[in-house]
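S.K.: Quick one: structure below, then a few questions.
The values are calculated or read from the model by the stated rules, or taken from the named source; none is laboratory data. The model shown is predicted, which means the values in this text are computed figures rather than measured ones. Counting neighbours? That spans all protein chains shown, and the Cβs are built from the backbone with ideal geometry, glycine included.
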Amino acid sequence: MYTEDDKVLLKYLAEHFINKGNSMMTSDLEALDCYSEVSINKLRTLKLVKYDTDISLQINSSIVSEKDKLEALPDHFQDLKKWWFSKKWAVIFTVIFLILPALKTYIDVVGLLLK
């Protein structure tokens, strides 16, 4: 969803919000290497920033949580689980190698308890 320049700009704006407040001059923003109108418009669409006047930009507090989402580590286990169960053969392997042995163990334990 974000390009590398978008990510850098978003992180910069979040740090600016934390350290200096929620207003920023557009001239300071345009001086950045990662600045582009496309990036700003993307952030405006997500309601993370808005133009206060022609020369200043208003930063929304939700930009900090968006920055935290970007810095969070991806959950590879969930991705792997989605991939595994999207395959038809994976369900068969799961039943044969996990569920049937667990069911057999459960039946054996119950049988021993009832003796």
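S.K.: Provide a single number: the residues in the stretch 78-105 that are of a type in the set (Gly, Ala, Ser) and closer than 30 Å to residue 8 by Cβ.
M.R.: Residues that pass the stated criteria total 0.
S.K.: Given the options 46, 70, 13, name the one that is touching a strand residue (DSSP E or B) at 6+ places or on another chain (Cβ under 7 Å) and of a type in the set (A, V, I, L, M, F, W, C). Steps first, please.
M.R.: Values: 46 fails: touching a strand residue (DSSP E or B) at 6+ places or on another chain (Cβ under 7 Å); 70 fails: touching a strand residue (DSSP E or B) at 6+ places or on another chain (Cβ under 7 Å).
On inspection, the qualifying residue turns out to be 13.
S.K.: Could you identify the single residue in 108, 75 that is more than 18 Å from residue 13 (Cβ to Cβ) and modelled with pLDDT under 90?
M.R.: Details: 108 fails: modelled with pLDDT under 90.
When all the criteria are applied, what remains is 75.
S.K.: Give all pairs with beta carbons closer than 7 Å in which a residue from the stretch 1-12 that is within 20 Å of residue 58 (Cα to Cα) meets a residue that is in a helix (DSSP H, G or I) and not aliphatic (A, V, I, L, M); count only pairs at least 6 apart in sequence or on separate chains.
M.R.: As it stands, the answer is 5/39; 6/39; 6/42; 9/39; 10/66; 10/67; 11/67, since those pairs meet every condition given.
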